[in-house]
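*Asks:* I have a structure I would like to understand better, so I am pasting it below and will then ask my questions one at a time.
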Amino acid sequence: MTSIGTLWTIPAQRSGQVIRAVAALGGLVLDLPAEYTHYEDNKKPAFLAKFPHGKIPALDTKDGFKLFEGTTIARYVATLAPNANLLGSDAKENALVDQWVHLVDTELEAPATMVGQLLRGGIPYNKPFHTILLEKVTRTLGTLNTHLATRTFFVNERITFADLVIGSMIQRLVAIIIDPEMRAKFPNVIRHMETVVNQPKVKEIFGEIQYCEKALQFTPPAKEKKEKEAKPAAAPAPKAEKKPKAKAVDDDDDDDDEPLVPEEPKAKNPLDLLPKSTMNFDDWKRAYSNKETRGAGGAIEWFYQNFDKEGYSVWRIDFKYNEELTQIFMSSNQIGGLFNRLEASRKYLFGSVGVLGTTNNSVISGTLIIRGQDVKPIVEVGPDYESYDFKKLDLNNAEDKVFFESALAWDLEIDGKKWADGKTVSRFHHCVKQTVLILTTSAVQIICIAFRHSETSKY
Amino acid sequence: VNATVAYSGLEIYRPEYTHFKDNKSPEYLAMFPHGKMPAFKSTSGFTLVEGAAIARYLAARAPESGLLPKSLEDQALVDQWVHLVESELFDNTVFTWLLCQGRFGPYSKELHEIFTTKERRALSTINKHLEDRTYVVGDRITLADLTLANALAIMLPHTLDKEQRTNFSNVIKHFELIAAEPSLKELFGGIKYAEKLIQNESPK
């Protein structure tokens with residue numbers, strides 16, 4: 001079968017998945033680009049000449065017709081397979097499909113994406129805005145749930161484009177903000193999503209459904225009273241092991257079982273029980289701050305001379321939802337937010353994480369040096385860890401070594417995306433370029449921003 | 001939707017309606033469970049919500065109007081621009097306005113800048129697109145032109161001052177062209193152009 005054309009997307013991109021699912025159900029073939037490096041190829045003049053807004057998904061058909069906007073592409077592909085009736089079978093059903101897609105695009109996806117940005121620090125946190133957005137999301141989920149009380153699919157009892165759009169969106173949201181309590185409130189929506197996503201022809205495209213145990217929460221910088229979430233999820237189901245810890249610490253009626261204050265005072269942190277290490281973490285942080293990163297006598301050299309690989313380990317961290325990232329400074333804020341929420345692990349953690357690429361074409365990636373061999377107890381003190389992938393690095397492996405050093409030196413490049421801005425978790429970090437952002441915590445941690453074009457000097 | 005109706009010449013009945021009151025009544029909610037407007041009900045009882053979906057449906061019912069072109073490809077292009085305008089232009093203008101009215105709590109300059117940046121980026125793409133074009137898609141007015149004009153109608157009094165209007169001159173020219181259409185003059189005429197950009201107006 002001949003292909004319609006090339007769909008520029010990446011496997012993880014949700015809206016791209018919907019397009020591919022439409023094609024699969026419609027019996028149509030779409031080529032995925034043989035060689036495409038996101039954030040690089042879509043910045044090139046050749047791409048921008050075809051797709052001036054510079055975003056993906058983007059469709060390039062065999063006869064030269066071009067299209068962008070994920071929903072639009074998916075709808076168009078559906079029109080090319082009329083027998084599949086993915087848009088319904090007459091004008092009225094068309095309109096109903098459009099209606100449901102539009103509703104979830106504007107009143108579910110858009111607010112939910114912004115909630116994610118608020119909670120991760122990409123947008124400065126604003127409680128009334130957060131509340132309004134959540135209300136929209138909840139209200140829409142309610143409408144969807146009611147409609148599905150007596151229906152398997154949204155329009156006329158067979159799968160349409162609307163089901164694919166909604167199913168894929170819910171799949172994404174149950175991994176982030178629709179927690180067990182919300183899932184119980186909107187069971188029809190969950191049931192529908194599971195039905196759609198597991199359809200044989202599209203199962204592989206959508207992949208596994210990941211259900212979050214706890215919704216992403218907002219945590220203001222440590223020491224401030226945690227703001228009550230307006231979410232209906234008053235007490236998101238905590239992980240079993242965390243519950244006893246939280247109960248030990250909280251002595252008020254807080255429904256917050258998030259360890260804001262480090263648990264050392266009440267419960268001994270297992271990381272303190274590790275055998276004493278030869279490397280002094282504070283010495284490392286000082287070396288990193290005070291020395292040039294690369295070169296003779298530099299911080300990296302210090303690190304290799306002193307690294308205790310039994311007592312510490314080195315990791316790579318990558319943000320899972322890079323297609324949501326927009327402005328560079330917002331992504332920087334997000335990293336700052338991430339580090340704020342890892343405050344409880346500050347003693348056991350060093351990180352150098354940055355945003356690479358350009359506006360709307362970026363990734364967040366970097367390195368962590370941690371106490372012990374398992375990153376999970378270090379990062380699960382903060383709620384965002386589920387939004388990131390962690391991979392242990394082997395410094396004997398050439399590729400891992402290069403990655404680690406570049407992340408420290410702030411010259412990391414991934415798929416052609418260059419390091420644009422970064423943050424370091426450290427005890428003390430001082431810099432003298434342009435904007436300096438100071439966040440103080442009880443430990444007087446100073447985080448600062450040094451724009452890429454400044455020297456790599458840390459002074 | 002109003003523009004679609006006006007331009008296409010379809011006959012539509014607009015009932016007596018008090019917003020925020022009538023759309024909470026049980027009768028309304030029975031027809032339109034999400035409780036919002038615009039909401040459409042045909043003479044044969046078919047109900048539909050979501051402005052863009054209603055506009056598209058009505059346009060499809062009046063093919064001679066050209067609001068929804070004939071070919072699938074041109075229709076997709078119309079959809080594409082409508083989607084871009086709605087999600088990246090219109091929404092951000094509304095957010096800016098709400099922020100300045102104090103509906104998102106204490107005014108935040110950063111948040112305001114975020115909305116403005118997004119809005120201008122979309123405007124820039126559209127402005128370039130209109131460099132050598134009169135209409136957004138093809139050579140006559142389509143839903144895309146109406147949607148864009150609609151977005152301009154709320155931007156011009158608030159988020160586009162003289163300087164910005166110069167930066168996006170093609171978009172302004174386009175709006176004035178659409179607003180001059182006889183059937184649309186009433187809807188788009190009389191839009192005030194802002195002297196300066198919307199500022200924080202929320203009570204202290």
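*Asks:* Pull up all non-local amide H partners of A:ALA12: gap of 5 or more, or a different chain, and H-to-H distance under 5 Å with H placed in the peptide plane.
*Replies:* Under 5 Å from the amide H of A:ALA12: no residue qualifies.
*Asks:* Tell me the label-point distance for the pair A:ARG191, A:LEU274, using the 7 Å Cα-to-Cβ offset, in nm and rounded to one decimal.
*Replies:* Between A:ARG191 and A:LEU274, the simple spin-label model gives 4.8 nm.
*Asks:* Something else: Once the Cβ-Cβ distance between B:THR43 and A:LYS376 is put in as r, and R0 is 51 Å, what FRET efficiency do you end up with, to the nearest 0.05?
*Replies:* Values: r = 62 Å, r/R0 = 1.21.
Rounded to the nearest 0.05, the efficiency is 0.25.
*Asks:* Additional query: Based only on other Cβ atoms within 10 Å, what is the fewest-to-most ordering of A:MET279, A:MET182?
*Replies:* Values: A:MET279 18, A:MET182 21.
Taking fewest neighbouring Cβ atoms as first place, the list is A:MET279, A:MET182.
*Asks:* HN-Hα J couplings of the stretch A:406-412 from phi, Karplus 6.51/-1.76/1.60, θ = phi - 60°, integer Hz, Gly and Pro as x?
*Replies:* Residue by residue, the stretch A:406-412 yields 5, 5, 5, 8, 6, 10, 5 Hz.
*Asks:* Using r as the Cβ-Cβ distance of A:THR37 and A:SER3, and R0 as 30 Å, what FRET efficiency do you calculate, to the nearest 0.05?
*Replies:* Working: r = 21 Å, r/R0 = 0.71.
With R0 = 30 Å, the Cβ-Cβ based efficiency is 0.90.
*Asks:* Further, regarding this structure: Cut-off is 10 Å between beta-carbons; in what order do B:PHE188, A:PHE65 appear when sorted fewest neighbours first?
*Replies:* A:PHE65, B:PHE188
*Asks:* When you look at the Cβ of every residue in A:130-139, what mean number of other chain Cβ atoms sits within 10 Å?
*Replies:* Details: counts 2, 2, 5, 1, 0, 0, 0, 0, 0, 3.
Neighbouring Cβ atoms belonging to other protein chains average 1 per residue here.
*Asks:* For the stretch A:310-355 and the stretch A:1-25, what is the separation of their Cα centres, given in Å?
*Replies:* Taking the Cα centre of the stretch A:1-25 as reference, the centre of the stretch A:310-355 is 31 Å away.
*Asks:* Now, a different point. Most exposed first by the Cβ proxy, i.e. fewest other Cβ within 10 Å, how do A:MET169, B:MET155 rank?
*Replies:* Working: A:MET169 21, B:MET155 27.
With the fewest neighbours first, A:MET169, B:MET155 line up as A:MET169, B:MET155.
*Asks:* Can you list residues whose amide H is under 5 Å from A:ASP421's amide H, if they're 5+ apart or on another chain and H is modeled 1.01 Å from N?
*Replies:* Excluding prolines and chain starts, which carry no amide H, the hits are A:VAL355.
*Asks:* Additional query: Taking 0.36 nm per residue of separation and subtracting the Cα-Cα distance, what length does fully extending B:GLU110 through B:ARG133 add?
*Replies:* Working: separation 23, 0.36 × 23 = 8.28 nm, distance 3.50 nm.
Stretched out fully, the B:GLU110 to B:ARG133 stretch lengthens by 4.8 nm.
*Asks:* Something else now. List the residues of the stretch B:58-84 whose backbone N lies under 15 Å from a point placed 7 Å from the Cα of B:ARG140 along the Cα-to-Cβ direction.
*Replies:* Counting only backbone N, you get B:59-71, B:74-75.
*Asks:* Please compute the net charge surrounding A:TYR76, taking Lys and Arg as +1 and Asp and Glu as -1 over other residues with Cβ under 9 Å from its Cβ.
*Replies:* Numbers: positive: A:ARG75; negative: B:GLU73, B:ASP79.
Its environment carries a net charge of -1.
*Asks:* Continuing with this model, one more query. In sequence order, what are the phi-derived ³J(HN,Hα) couplings for the stretch B:149-161 according to the Karplus relation 6.51 cos²θ - 1.76 cosθ + 1.60 with θ = phi - 60°, rounded to whole Hz, with x for glycine and proline?
*Replies:* 4, 4, 5, 4, 4, 9, 7, 4, x, 10, 10, 10, 9
*Asks:* Which FRET efficiency, nearest 0.05, do B:THR117 and A:LYS127 yield, Cβ-Cβ r, R0 35 Å?
*Replies:* Numbers: r = 22 Å, r/R0 = 0.64.
So, using R0 = 35 Å, E works out to roughly 0.95.
*Asks:* Hey, another quick one. Residues in the stretch B:101-122 near a label at B:LYS192, defined as backbone nitrogen under 17 Å from the 7 Å Cα→Cβ point?
*Replies:* In the stretch B:101-122, the label zone of B:LYS192 (backbone N under 17 Å from the point 7 Å along Cα→Cβ) covers B:101.
*Asks:* Roughly how crowded by other chains is peptide B:77-86, in terms of the mean Cβ count from those chains within 10 Å of each of its Cβ atoms?
*Replies:* Rounded to a whole number, the mean comes out at 5.
*Asks:* Suppose each label sits 7 Å from its Cα in the direction of the beta carbon; what would the A:LYS320-A:GLU181 distance come out to in nanometres?
*Replies:* Between A:LYS320 and A:GLU181, the simple spin-label model gives 2.1 nm.
Readers should treat all values here as calculations from the given coordinates under stated rules, not as data from a laboratory. Just so we're clear, the structure is a prediction, and the values are computed from it rather than from any experiment. Methodologically, a virtual Cβ is constructed for each residue, glycine included, from the backbone with ideal geometry; neighbour enumeration extends over all protein chains shown.
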